[in-house]
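Engineer: The structure follows.
The values are calculated or read from the model by the stated rules, or taken from the named source; none is laboratory data. This one's a predicted model, so the numbers in the text were calculated from it and none came from an experiment. Neighbour counts are summed over all protein chains in view; Cβ atoms, including those assigned to glycine, are modelled from backbone coordinates with ideal geometry. These area figures cover heavy atoms from the full protein model, side chains too; ligands, DNA and RNA do not enter into them. Shrake-Rupley method; radii C 1.70, N 1.55, O 1.52, S 1.80 Å.
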Amino acid sequence: MDINNPNGNDLIPFKTFRLRKSRRIRKINYSRRLSWAEYAMVRDGLLPLCSKDKWLIFFRRGMLYFYRSGNGTLVYKLRFRHQEQGFQASEAWVNDDPEQIDSLPENYECRLLDYLIDRLLLNREVEFPLPEQMGREKGAMLERIWMGDQVDKKKKGI
């Protein structure tokens, strides 16, 4: 994949992003198994189509990185290991710097990671995970904050 223009369309070039490292990162107990086909799709990552898209996801040096595209903040990173008939998430980290991102409960972070992988990298129709005791209306606003236009594009097959 040419990370500057993988599909020949008007993607924002990868080199224009200013990626910020986190001063604090914590390991989370995340488990996810991928088939060979799923792993190939995940490794392709995701470049934003426009400035309203919220995620930049890419694979580099054995790690899958999830950055907020607007401010270049690292949110998650994962390492997968080959295991039998597929790949297993062997290590996962979340940004724990309170100056960059709000901390969430670990079980919710894991649900968000699953959602991002399913929705953005595997193109599956899955519901946005809501925090406990949050209604659908507030949940829709939270989804818009997390996903921006990417949620609509995936629903429309763009």
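Engineer: Give the residues of segment 115-131 that are open to solvent by less than 50 Å² (accessible area, probe 1.4 Å) and either part of a loop (DSSP other than H, G, I, E, B) or not hydrophobic (A, V, I, L, M, F, W, C) (or both), sorted by residue number. Reasoning before the result, please.
Structural biologist: First pass over segment 115-131, keeping only residues open to solvent by less than 50 Å² (accessible area, probe 1.4 Å): 115-122, 126, 128-131.
Result: TYR115, ASP118, ARG119, LEU122, VAL126, PHE128, PRO129, LEU130, PRO131.
For every residue, the table says whether it meets (1) within 17 Å of LEU121 (Cβ to Cβ); (2) within 12 Å of the chain's Cα centre (by Cα).
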{"site": "ASN29", "(1), (2)": "no, no"}
{"site": "GLU38", "(1), (2)": "yes, no"}
{"site": "LEU49", "(1), (2)": "yes, no"}
{"site": "ILE57", "(1), (2)": "yes, yes"}
{"site": "MET63", "(1), (2)": "yes, no"}
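Engineer: For segment 75-106, what are the residues that are loosely packed, with under 13 Cβ neighbours inside 10 Å and modelled with pLDDT of 90 or more?
Structural biologist: Result: ARG81, HIS82.
Engineer: Same structure, new question: Kindly indicate whether any position in segment 49-56 is assigned to a loop (DSSP other than H, G, I, E, B), of a type in the set (A, V, I, L, M, F, W, C), loosely packed, with under 14 Cβ neighbours inside 10 Å and at pLDDT below 85.
Structural biologist: Checking segment 49-56: at least one residue is assigned to a loop (DSSP other than H, G, I, E, B), of a type in the set (A, V, I, L, M, F, W, C), loosely packed, with under 14 Cβ neighbours inside 10 Å and at pLDDT below 85.
Engineer: Let me ask you something else. What number of residues in segment 57-74 are touching a Gly at 6+ places or on another chain (Cβ under 6 Å) and open to solvent by 40 Å² or more (accessible area, probe 1.4 Å)?
Structural biologist: Counting residues in segment 57-74 that are touching a Gly at 6+ places or on another chain (Cβ under 6 Å) and open to solvent by 40 Å² or more (accessible area, probe 1.4 Å) gives 1.
Yes/no per residue for (1) part of a loop (DSSP other than H, G, I, E, B); (2) more than 25 Å from ILE145 (Cα to Cα):
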{"position": "TYR30", "(1), (2)": "yes, no"}
{"position": "GLU38", "(1), (2)": "no, yes"}
{"position": "VAL42", "(1), (2)": "no, no"}
{"position": "ASN71", "(1), (2)": "yes, no"}
{"position": "VAL75", "(1), (2)": "no, no"}
{"position": "HIS82", "(1), (2)": "no, yes"}
{"position": "GLN88", "(1), (2)": "no, yes"}
{"position": "VAL94", "(1), (2)": "no, no"}
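Engineer: Then there is this: I'd like the full set of residues that are farther than 19 Å from ALA92 by Cβ and hydrophobic (A, V, I, L, M, F, W, C), limited to segment 25-80.
Structural biologist: TRP36, ALA37, ALA40, LEU47, LEU49, CYS50
Engineer: Out of the residues in segment 2-28 that are open to solvent by 80 Å² or more (accessible area, probe 1.4 Å) and part of a strand (DSSP E or B), which is modelled with the lowest pLDDT?
Structural biologist: Applying the filter and picking the extreme gives ARG20.
Engineer: For segment 130-158, name all the residues that are modelled with pLDDT of 80 or more and closer than 19 Å to TYR67 by Cα.
Structural biologist: Let us first name the residues in segment 130-158 that are modelled with pLDDT of 80 or more, namely 130, 147.
The one that is modelled with pLDDT of 80 or more and closer than 19 Å to TYR67 by Cα: MET147.
Engineer: Of all the residues that make up segment 57-69, how many are touching a strand residue (DSSP E or B) at 6+ places or on another chain (Cβ under 7 Å) and either assigned to a loop (DSSP other than H, G, I, E, B) or not charged (D, E, K, R) (or both)?
Structural biologist: 9
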